[in-house]
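**Q** I have a structure I would like to understand better, so I am pasting it below and will then ask my questions one at a time.
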Amino acid sequence: MVSLLQRWLLVCALAMAGSVLAIPDDGPRVNINSANAETIAEVLDGIGLIKAEAIVRYRTEVGEFRDVYELANVKGVGERTVKLNEARITLED
């Protein structure tokens, strides 16, 4: 028989799992290979104008991004930020 505590723990675990799982985002998308800094900053969460300008500078110096996670190579942008925005980032129009 499942105790009340075990049920409560199961409910808590399921609730926490829901907040960790990636949920598709139907919001705006941005092509990080062609967008200007203002657009990148507007669309991506956790990316302000300074980081967006760094993304454009990186793209200009290194070339187009070939993978979404390459964005983590930009100073100030980590994998967590990329994962948070993965559904909003495109590499092609």
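The values are calculated or read from the model by the stated rules, or taken from the named source; none is laboratory data. As the structure is a prediction and not an experimental result, all values here were calculated from the model. Cβ placement follows ideal geometry from the backbone for every residue including glycine, while neighbour counts extend to all protein chains displayed.
**Q** Looking at the stretch 51-82, which of its residues are more than 18 Å from residue 41 (Cβ to Cβ), in contact (Cβ under 8 Å) with a residue 24 or more places away in the chain and surrounded by 11 or more Cβ atoms within 10 Å (Cβ to Cβ)?
**A** Within the stretch 51-82, 64 is the sole residue that qualifies.
**Q** A further question on this structure: Checking residue 48 against (1) surrounded by fewer than 15 Cβ atoms within 10 Å (Cβ to Cβ); (2) touching a residue at least 24 places away in the same chain (Cβ under 8 Å); (3) on the phi < 0 side of the Ramachandran plot: exactly one of these is not met. Which one?
**A** In the conditions (1) surrounded by fewer than 15 Cβ atoms within 10 Å (Cβ to Cβ); (2) touching a residue at least 24 places away in the same chain (Cβ under 8 Å); (3) on the phi < 0 side of the Ramachandran plot, residue 48 misses (2) alone.
**Q** Pick from the stretch 5-26 the residues that are loosely packed, with under 10 Cβ neighbours inside 10 Å and assigned to a loop (DSSP other than H, G, I, E, B): which of them is modelled with the highest pLDDT?
**A** 26
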